[in-house]
Amino acid sequence: LRIEGALDVPALRAALAGVVARHEALHTVFPDADGDGAATVRPAAEFELAERDVSAASAVETAAHTLAAEEVARPFDLRTGPLFRATLIRLGAETHLLVCVMHHIVSDAWSVGVMMREFAGLYASRRAGRPEALPAPGAPYRTFAAWQQAELAGARGAAQRDYWLQQLGPERTVLAL
């Protein structure tokens with residue numbers, strides 16, 4: 001996200017931290033549990049915004065894009081996290097590049113839109129010195145997943161499995177991944 005104009009870095013940091021705190025997925029890790037991945041929701045810790053300054057570089061845009069590419073290419077550790085990280089690159093006094101990177105296990109295209117709207121709202125509130133004006137987030141995904149598992153464990157789930165087994169037929173190819 002290219003930001004032109006005056007930037008309130010503490011408000012930006014607080015807005016990003018607010019988004020992370022609102023969404024459990026952004027502070028979830030996936031440690032190895034006897035050979036299987038298991039989601040562990042950690043408390044929303046203090047969000048760390050990395051800051052880099054390329055304003056003194058001879059080729060500012062190139063330096064900024066190189067840093068952004070390096071950040072995007074940096075691998076995630078699903079066991080320890082974080083699975084969402086952000087870097088603010090200063091190109092000049094009033095020109096910045098905000099690079100946000102998330103692992104696809106905690107985000108999808110729809111989620112990014114929600115997060116961007118929330119980030120914009122939280123930043124505007126912080127910058128104006130107003131209290132946060134966002135509604136409380138809905139039930140976390142783990143609540144939905146538990147409900148779905150309970151639903152599928154009963155007669156309804158058995159009926160759905162039977163339906164799809166009939167639709168797919170007896171021959172189902174197993175992919176060796």
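Tabulated data for the structure shown
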quantity	calculated
The chain, dipole about Cα centre (Lys/Arg Cβ +1, Asp/Glu Cβ -1), debye to the nearest 20	380 debye
In nm, spacing of pseudo-spin labels at A73 and A146 (7 Å Cα→C-beta vector)	4.3 nm
Interchain or long-range residues, amide H under 5 Å from I3's placed H	H96, L97, L98
Note, ³J(HN,Hα) from phi for the range 38-51, Karplus 6.51, -1.76, 1.60, rounded to Hz, x at Gly and Pro	9, 6, 10, 7, 8, x, 5, 6, 4, 6, 9, 9, 6, 10
Helix axis angle, 109-128 relative to the chain longest principal axis, alpha carbon, degrees	40 degrees
Portion, in percent, of the accessible area of the chain that falls on carbon or sulfur, probe 1.4 Å	58 percent
FRET E, pair A176, D36, Förster distance 25 Å, beta-carbon r, rounded to 0.05	0.90
Listed values [x] 36; [y] 27; [z] 33, entry calculated as percent of Cα pairs over 30 Å apart	[x]
Full-stretch length increase - A56, R127 - with 0.36 nm per residue and alpha-carbon distance subtracted	22.8 nm
Relative packing of 159-168, 26-35, 50-59, 93-102, which averages over residues the other C-beta atoms within 10 Å, highest first	93-102, 26-35, 50-59, 159-168
Per-bin percent of Cα-Cα distances, the range 14-72 [5 Å]	4, 16, 15, 13, 15, 14, 11, 7, 4, 2, 0
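The values are calculated or read from the model by the stated rules, or taken from the named source; none is laboratory data. Model, not experiment: these values are computed from the prediction. Backbone-built Cβ (ideal geometry, glycine too); neighbour counts: all protein chains shown. For the accessible areas, the whole protein counts, side chains as well, though only heavy atoms, and no ligand, DNA or RNA atoms are used. Shrake-Rupley method; radii C 1.70, N 1.55, O 1.52, S 1.80 Å.
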